[in-house]
Amino acid sequence: MRRIGFKSYDDNDDAKKEEKKVVSQKELFRQFLHAKYAPFGANASMVFRTSRELAYESREMCAPSMPDIAAVMTDFGCKADLFCGQWTWVLYEKETLHPISE
């Protein structure tokens, strides 16, 4: 039971609140992925990315581990495909590139 008027400095209530605010690398990668890619789309926007390429792309925002990337990609609904002898994730870019008209 706590006494009225006294604060225990052993209880780190503020530290516990800060720990809850910390977002994991996996969650940051999930946000990055949802912002840039879709699990399905038009064939023109299809791209193939390895897990290492995705880690490199997201390096400014987060540093996910390879198992975290695999878990997020599976949850996202992406499929893996053999492309040029290497297993890659099939993604669809959300940003559409338009040719420059002169």
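The values are calculated or read from the model by the stated rules, or taken from the named source; none is laboratory data. Since the model is a prediction, treat every value here as computed from it, not as a measurement. All Cβ positions, even for glycine, are placed from backbone atoms using ideal geometry, and neighbour counts span all protein chains on display.
Only residues that are part of a helix (DSSP H, G or I) and in contact (Cβ under 8 Å) with a residue 40 or more places away in the chain were counted across segment 45-94, and they come to 8.
On inspection, Ser45 qualifies as among the small types (Gly, Ala, Ser), at pLDDT below 90 and surrounded by 15 or more Cβ atoms within 10 Å (Cβ to Cβ).
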